[in-house]
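Quick notes on the structure that follows.
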Amino acid sequence: MLGLVVLLQLKSHSKMSLKSERRAIHVDQSELLCKKGCGYYGNPAWQGFCSKCWREEYQKARQKQIQEDWELAERLQREEEEAYASSQGAQGGQPSLGFTKFEEKKSNEKTRKVTTVKKFFSASSKSVPKKDMKEAKAPSPSLTRQYSIETDRVSKDFIEFLKTYHKAGHDVYKQCKVFLEAIHHKKESNIDELSEFTQDFYQNTADKLQMYWKVPPNKVEDAMDQIEKFIMTRLYKHVFCPETTDDEKKDLTVQKRIRALHWVTLQMLCVPVNEDIPEVSDMVVKAITDIIEMDSKRIPRDKLACITGCSKQIFNAIRITKNEPASADDFLPTLIYIVLKANPPRLQSNIQYITRFCNPSRLMTGEDGYYFTNLCCAIAFIEKLDAQSLNLSEEEFNRYMSGQASPKKQDSDIWDADTCPGVKQMHRNLDLLSQLSERQERIVTGAKKLEKDLIDWTEEVTREVQDIVEKYPLHIKSNSQALASIDSENVEDDRLPPPLQPQVYAG
């Protein structure tokens, strides 16, 4: 992943005549280049290498793995033969049960390793058996020629374009059809193998156009663009965000992260763009539209064009705001701000799709490669963005991220006359919600205090009552003379009150 260097800058504040340290997002241009020093643009997906150097490193690593697998297979073979020979000598030719288990274990191990080696050594352009060809012709939604209107149009345009190349055009079309057939038979392969196969096809076709078919360099680039358009229109639904990868999971993670950072302002990122200028505001909207539109394109080159269009709008917005040409240090923070505001759909899937299947020459040089590399840097920065990057305290950052608070907005009485009423109402609602949140916090704090006071009062009253009872104990004396029963015939001694005293009547 390309490194992101955050530098300290001093900015003056005219109102307070003080200086405070501000952190600006800065990436040295050398960090955008291939770390091998070849001069081409690197890419985080290729561990900082350019497409060419990454393929070289990948081939070296693969050849090393193949060599290690062959050596392991040979060692297992020798161990198996030695174990078998020793077992035969010890038991007169009858293998023991232990040796049988040993032989089975070694055989399984060797078979697994040799299969891996064969898989690595299998040629990408190996012809498919006739039996498999017959199975491939079976009706299938992904193989029939029920192409969309766009696919049919692209095919016709491609054929018309190749007519200007005469014999070379016929051969190119034939190579493309063979490639598409081969890709179909590799549909069970992982996405990295399909990407490698596609990149090999690009490279081989470009070499043949220039060396074998003697096509001028400028026409080679045009031909490669049309070839990419032709094949990727057909492969798009199979290789974009495939189920065998975690691209969709990464999309959701980045989308959730950007949504949580919706509160980030221009000032926090030190973005030199003034959206109060109508022309600049329009350019910001167009930049957001371009980066969102990237997901609707099916061809890697068209997706790159959206990134380039977005970047040019950013440079123009900075130029008008500062009234001078924009620098690279101004561009990256503004691109980060645009990505945060746009929250493009399936951002990681689009980045991976471009990386895997775009013509590598476009990503290695030129403005497309430069803007694409900066977009990768912007995404990396967003994923690692913290309080220090935004010149905030940890407490403020955590409150903003959790939604408990939002950066203070400007008062409604200082809005410009032409400001959108909806924006004003939105900020008024945000202020009202902030006030309600503060009132709720005060109420909750008061309720907790009241609850604590009631508990303390109850405990204090209980304690005082207990002290009084202990200090002044209550002694209850029992009556020595028992009261007579109400049904007793002893009238003199029952001591009942007059209304209840039994009366004796003479009968």
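The values are calculated or read from the model by the stated rules, or taken from the named source; none is laboratory data. Because the structure is predicted, anything quoted here is derived from the model rather than measured. With ideal geometry, Cβ positions are generated from the backbone for all residues, glycine too; neighbour counts draw on all protein chains shown. Just the protein is used for accessible areas: all its heavy atoms, side chains included, with ligands, DNA and RNA removed. Shrake-Rupley method; radii C 1.70, N 1.55, O 1.52, S 1.80 Å.
The alpha carbon gyration tensor of region 184-338 gives principal lengths a ≥ b ≥ c with a/c of 1.5 or higher and a/b no greater than b/c, which makes the shape oblate.
With every protein chain in place and a 1.4 angstrom probe, the accessible-area ranking of Met426, Met268, largest first, reads Met426, Met268. Once R0 is set to 35 Å, what does the formula 1/(1 + (r/R0)^6) return for the Cβ-Cβ distance between His166 and Ser189, expressed as a FRET efficiency to the nearest 0.05? Calculated transfer efficiency: 0.50. Computed in the context of the full set of protein chains, the accessible area of region 160-310 at 1.4 Å probe radius has 52% of its extent on carbon or sulfur.
Taking amide H positions as modeled 1.01 Å from N, with prolines and chain starts lacking one, the residues under 5 Å from Tyr41 and 5 or more places away or on another chain are Cys34, Thr365.
The separation of region 308-367 from region 449-466, counted between C-alpha centres, amounts to 65 Å.
Each peptide in 190-201, 284-295, 455-466 receives the mean, over its residues, of other Cβ atoms within 10 Å, and ordering these scores from highest gives 284-295, 190-201, 455-466.
Using a simple spin-label model with pseudo-atoms 7 Å out from Cα toward Cβ, Asp276 and Ser148 lie 4.5 nm apart.
Modelled label positions at Asn429 and Glu243, each set 7 Å beyond Cα in the direction of Cβ, lie 4.0 nm from each other. For a modelled paramagnetic label at Arg463, 7 Å from Cα along Cα-to-Cβ, the residues of region 439-457 in reach, with backbone nitrogen under 16 Å, are 452-457. Could you let me know the centre-to-centre spacing of region 149-193 and region 200-232, using Cα atoms, in angstrom? Measuring centre to centre over Cα atoms gives 12 Å.
Each of Asp207 and Lys312 was given a label point 7 Å from its Cα along the Cα-to-Cβ line. The distance between the two points is 3.4 nm.
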